[in-house]
Amino acid sequence: MNPETISEVLARQPFTPFLIKFSNQENVEVRNPALVVVMKRDLFVADPSRDRFHIYSLMHVVGLESLQAA
């Protein structure tokens, strides 16, 4: 997926939480856009609840899906 698409979803006002889907069937919830940094080829996602971060390759992102409020 191209970085512009993810950047556009992160910048929407009001922000809507979404799921990032990867080619290996992994999914990452994005509930705070400030915890995601989109780079040219990679995606940085912080996980403050576990005091960790992950760097994902954009070439493995296969889709974005809106998370509905429970």
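The values are calculated or read from the model by the stated rules, or taken from the named source; none is laboratory data. Keep in mind the model is a prediction, meaning the values are calculated, not measured. Because the Cβ atoms are built from the backbone with ideal geometry, glycine has one as well, and the counts that use them run over all protein chains shown. Calculation scope for accessible area: heavy atoms of the full protein, side chains included, ligands and nucleic acids excluded. Shrake-Rupley method; radii C 1.70, N 1.55, O 1.52, S 1.80 Å.
Data table
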| item | result |
| --- | --- |
| Per residue, in Å², the accessible surface of the chain once ligands and nucleic acids are set aside, probe 1.4 Å | 72 |
| J(HN,Hα) series, the range 36-51, from Karplus relation 6.51 cos²θ - 1.76 cosθ + 1.60, nearest Hz, glycine and proline x | 10, 10, 9, 10, 4, 10, 10, 10, 9, 10, 8, 10, x, 5, 10, 6 |
| Computed [θ] at 222 nm, helices only, for the chain once each DSSP H run of length n ≥ 4 contributes -39500 (n - 2.57) | -3500 deg cm²/dmol |
| Protein accessible area in the chain, 1.4 Å probe - carbon and sulfur % | 51 |
| Listed candidates (i) 29, 27, 22; (ii) 43, 25, 18; (iii) 41, 18, 17 - label of the one calculated as Cα extents along the principal axes in Å | (i) |
| FRET E, pair residue 28, residue 4, Förster distance 25 Å, beta-carbon r, rounded to 0.05 | 0.85 |
